[in-house]
1. Keeping to the range 178-197, report how many residues are within 12 Å of Phe71 (Cα to Cα) and of a type outside the set (A, V, I, L, M).
2. Could you tell me which numbered condition Gly242 fails, if it satisfies all but one of (1) of a type outside the set (Asp, Glu); (2) at pLDDT below 95; (3) under 18 Å from the mean Cα position of the chain (by Cα)?
3. If we keep just the residues of the range 52-68 that are surrounded by 20 or more Cβ atoms within 10 Å (Cβ to Cβ) and either of a type outside the set (Gly, Ala, Ser) or touching a helix residue (DSSP H, G or I) at 6+ places or on another chain (Cβ under 9 Å) (or both), which is farthest from Val161 (Cα to Cα)?
4. Please determine, by comparing only the residues of the range 203-227 that are surrounded by 11 or more Cβ atoms within 10 Å (Cβ to Cβ) and without any contact (Cβ under 8 Å) to a residue 40 or more places away in the chain, which one is farthest from Phe103 (Cα to Cα).
5. Any residue in the range 176-202 that is part of a loop (DSSP other than H, G, I, E, B) sitting within a Cβ distance under 8 Å of a residue that is of a type in the set (S, T, N, Q) and buried (at least 18 other Cβ atoms within 10 Å of the Cβ)? List the pairs, counting only those 6 or more apart or interchain.
6. Could you grab the pairs with beta carbons closer than 8 Å, sequence gap of 6+ or different chains, first residue in the range 73-84 and closer than 14 Å to Phe195 by Cα, second one of a type in the set (Ser, Thr, Tyr) and at pLDDT 95 or above?
7. Looking at the range 183-202, is at least one residue of a type outside the set (Phe, Trp, Tyr), exposed (fewer than 12 other Cβ atoms within 10 Å of the Cβ) and at pLDDT 95 or above?
8. So if I check each of Ala143, Ala175, which one is closer than 25 Å to His96 by Cα, at pLDDT 95 or above, of a type outside the set (Lys, Arg) and touching a helix residue (DSSP H, G or I) at 6+ places or on another chain (Cβ under 7 Å)?
Amino acid sequence: MDRRTFLTTSAIGAAALASPLRVAAQPGPDGKTRRILEVARAEIARAGNALWRRDMAAIADFGVHSAIPRFHIANMEAGTVRSLLVAHGSGSDPEHDGWLNDFSNLHDSWATSRGAYVSWEWYEGRFGTSMRLEGLDPTCDQAYPRAIVMHAAAYATPAHVARWGRAGRSNGCFAVGPEELSGALYQLSGGRLLFADRLGIGEDGSDVTMPPQAAIDFAAVVAQRQAEMMQEDAETGIPPLGEELP
């Protein structure tokens, strides 16, 4: 390379370095994603040291119909959200119309509980591989003794929704489709946040308006259910709790 060529090349390189870099504009998150990430950040901060990991979080939005993917897995590092179908408790939706009427933390309510949870480990149970949860708020602090977990269910799949127009109902557990469970457990287990509430975040990020829902007297429902269970136990010869078999 001769001196003239070297000087010309150097001048071009210097001009390029002196010019401001032009970076392609990256699209920001849509309104729905932005709102879910905001809720996740706020609830992660509120949970504080109760969480072991803060890279992923789940936001279950029971303010929208069960036919709509409303279990949002938020990647806090990437700023992205993946949404799955999730069932709510039958006690929270006695009409079985796909809308959650209300939450309850009572034993035998078969209802969904609102609030923040921390995920525990996987285990093999009645519904196969499942994930234990611990409730962090007074509104869901009975999650562990109530056996409220995350598990797979065929009634929380697109095929079920396509046939019936709504997801099925659990006994208060966070039930997702079998094809989604392994990925969800991998992303959420081991001390991460799961937050459930009636947020009503629509597909475009706007608020969803729920149709009027009948109030539920959970105390009366539980009392009746427990009486029926005691009657059934008496008829089948099963002794009450604490009474020994002869």
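The values are calculated or read from the model by the stated rules, or taken from the named source; none is laboratory data. The structure presented is a predicted model; accordingly, all values stated were derived computationally and were not measured. A quick note on method: Cβ atoms are made from the backbone with ideal geometry, for glycine too, and the neighbour counts reach across all protein chains shown.
1. Within the range 178-197, residues that are within 12 Å of Phe71 (Cα to Cα) and of a type outside the set (A, V, I, L, M) number 3.
2. All conditions pass for Gly242, except number (3).
3. Among those that are surrounded by 20 or more Cβ atoms within 10 Å (Cβ to Cβ) and either of a type outside the set (Gly, Ala, Ser) or touching a helix residue (DSSP H, G or I) at 6+ places or on another chain (Cβ under 9 Å) (or both), it is Met56.
4. Taking the range 203-227 and keeping what is surrounded by 11 or more Cβ atoms within 10 Å (Cβ to Cβ), we get 203, 205-208, 210, 213, 216, 218-219, 221-226.
This time we only want the ones that are without any contact (Cβ under 8 Å) to a residue 40 or more places away in the chain, so: 207, 223-224.
On the way: Asp207: 20, Ala223: 17, Gln224: 18 Å.
Out of the qualifying residues, it is Asp207.
5. Between residues of the range 176-202 that are part of a loop (DSSP other than H, G, I, E, B) and residues that are of a type in the set (S, T, N, Q) and buried (at least 18 other Cβ atoms within 10 Å of the Cβ), the close pairs are Gly177/Thr157; Ser189/Ser119; Gly190/Ser119; Gly191/Ser119; Arg192/Ser119.
6. From residues that are closer than 14 Å to Phe195 by Cα, the pairs are Ile73/Ser83; Ala74/Thr80.
7. Checked against the condition, which is being of a type outside the set (Phe, Trp, Tyr), exposed (fewer than 12 other Cβ atoms within 10 Å of the Cβ) and at pLDDT 95 or above, the range 183-202 yields no hits at all.
8. Exactly one of Ala143, Ala175 is closer than 25 Å to His96 by Cα, at pLDDT 95 or above, of a type outside the set (Lys, Arg) and touching a helix residue (DSSP H, G or I) at 6+ places or on another chain (Cβ under 7 Å), namely Ala175.
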